[in-house]
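Structure, as structure tokens:
The values are calculated or read from the model by the stated rules, or taken from the named source; none is laboratory data. All values derive from a computational prediction rather than experimental measurement. For neighbour counting, all protein chains shown are included, and Cβ atoms are generated from backbone atoms with ideal geometry for every residue, glycine included.
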Amino acid sequence: MFIECDIEIDEKKTIREDDILKTEISFKTQGMDIESILNSLKRGDFILPKYQRLFVWEKEDISKLIMSLIKNIPIPPIYLYFQSDGRYVILDGQQRITSIFLYFNSIFYKDEKNRIRFNFKELSQKLDTLENKNIETRNKTLEKEFNLTSTTYILNNEDATFINMDRSIQRILFRKPLEMVFVQCNSKQRNKIYSDIFKLLNSAGKSLTNQEIRNGVYINNVLYDEIEKINKNQVWRKLFGSNSYNSRDFEYLLRFLSLNYYTEIKNNKLEINYKKLFDYANIIDDFSEIFEIVDKERDKGTKSKNAKKEVKKLIKFFNSICFSNNNENKNKKMSILILEAIFVAYCKLELFNKNIKIDFENFLQNLNTEEFEITRSTSSKVSVLKRMNVALTKMEDEFIK
């Protein structure tokens, strides 16, 4: 890891109250028994956003949830919204839904440090094919394909694994209801509205990050598909370090592109051309909206092409960075805010059309952080513009003049 993240994390949950108040939003609440929920997951009627936070609960958390079910202790509702293909997206409640699925199938992660996101429908079909297989064969297949294995759940020091329960107890648990809230809004900007609803739902307790909220809303986003690929880029991983469990790495890449999109060069100076109140959350939300697929036949071709074009800038930027293994700077890190500013300058100077090499140790790490004014107020428009224009001058001096 060669970069350090923001001193000030821009996690202000900006909620557009005026938009919510003007939008017709309906909430339909109904109780749904566990067996019906599991069948909906098996059919693929209920789905998780593909870039939402990985499952983080431990077995002890699942056992506590089951205890609440057994003792009829109220469990927070599951919020879902309808999408055009007829399926419902789980807006809030991923940890609870996944816990229920794992418990009622008596499975859990084999390697808890290597949790992967799985598809409920796909996994359910696999479990069906393994139903009559011996336990060794079943676990070997589950471990290989999903990093899952059979497990034992404990409650009050006793075995409470679903598969080991008496059939009558299983039937009682299957009939236990969960409160499901189906959300629907009539708005051309429904993703932004769902995003704001998600923020309100997560305003208490252990909040999700802004990017995790976006991942839960922009589920048909071609730009996100491309960023997921570039997030595995070797240079980026060397710079950032290991994968971020809460999508920080994903968000920084999206932020680089968003800031570049709303920045233009005029009279040899960079200016931000964004009509609304500037903050990182707003420009990322609006930039994300551009690449969301609403009508597959009409949108996908053009939006997919444009998304690839945007991400190609990141690919070329990372490919231009070289490491000289200078031991003198081995432990020296650069601020990601400076890297962000350098990327925008790189794009505005159209250096991706030139065969340049940016020496990380001898150029990037030696940039004077004081000139970039990395202070505690790093996300204000004035601070962002200052950093970008300093970067513009540095890049011009190094690669143009």
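Here is how the numbers come out for the structure above:
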read-out	value
Qualifying residue in the range 68-87 (condition: hydrophobic (A, V, I, L, M, F, W, C), assigned by TED's automatic domain parsing to the domain that holds MET180 and assigned to a helix (DSSP H, G or I))	yes
Filtered residue count, the range 118-160, keeping only those that are surrounded by 15 or more Cβ atoms within 10 Å (Cβ to Cβ) and either on the phi > 0 side of the Ramachandran plot or not in a helix (DSSP H, G or I) (or both)	10
The range 333-359: number of residues that are over 28 Å from the mean Cα position of the chain (by Cα) and assigned to a helix (DSSP H, G or I)	2
Boolean, VAL89 is β-branched (Val, Ile, Thr), farther than 23 Å from ARG175 by Cβ and crowded, with 20+ Cβ neighbours inside 10 Å	yes
Options PHE108, PHE101, PHE55: the member that is outside any helix (DSSP H, G or I), surrounded by 18 or more Cβ atoms within 10 Å (Cβ to Cβ), at pLDDT 90 or above and of a type outside the set (A, V, I, L, M)	PHE108
Matching entry among GLU396, GLU361 (being out of contact with any Pro (no Cβ under 8 Å at 6 or more places or on another chain) and surrounded by fewer than 18 Cβ atoms within 10 Å (Cβ to Cβ))	GLU396
Some residue of the range 370-378 being under 32 Å from the mean Cα position of the chain (by Cα), at pLDDT below 90, part of a helix (DSSP H, G or I) and within 18 Å of PHE318 (Cα to Cα)	no
Residue identified as in the same structural domain as TYR224 (by TED's automatic domain parsing), within 23 Å of GLU350 (Cα to Cα), of a type outside the set (Lys, Arg) and in contact with a strand residue (DSSP E or B) (Cβ under 7 Å, 6 or more places away or on another chain) among TYR274, TYR262	TYR262
LYS42 at pLDDT 90 or above, in the same structural domain as ARG167 (by TED's automatic domain parsing), exposed (fewer than 14 other Cβ atoms within 10 Å of the Cβ) and touching a helix residue (DSSP H, G or I) at 6+ places or on another chain (Cβ under 8 Å)	no
Some residue of the range 172-192 being assigned by TED's automatic domain parsing to the domain that holds LYS42, more than 25 Å from ARG43 (Cβ to Cβ), modelled with pLDDT under 95 and β-branched (Val, Ile, Thr)	no
Residue within the range 316-329 that is of a type in the set (S, T, N, Q), at pLDDT below 90 and surrounded by 15 or more Cβ atoms within 10 Å (Cβ to Cβ) present	yes
Listing of helices (runs of 4 or more DSSP H) fully contained in the range 221-279 that carry 3 or more residues being closer than 21 Å to LEU337 by Cβ	234-240, 248-261
Residues satisfying the stated conditions in the range 360-369, i.e. outside any helix (DSSP H, G or I) and in contact (Cβ under 8 Å) with a residue 12 or more places away in the chain	GLN365, ASN366, LEU367
Test: residue in the range 259-268 that is surrounded by fewer than 20 Cβ atoms within 10 Å (Cβ to Cβ), at pLDDT below 95, of a type in the set (A, V, I, L, M) and within 27 Å of MET395 (Cα to Cα)	yes
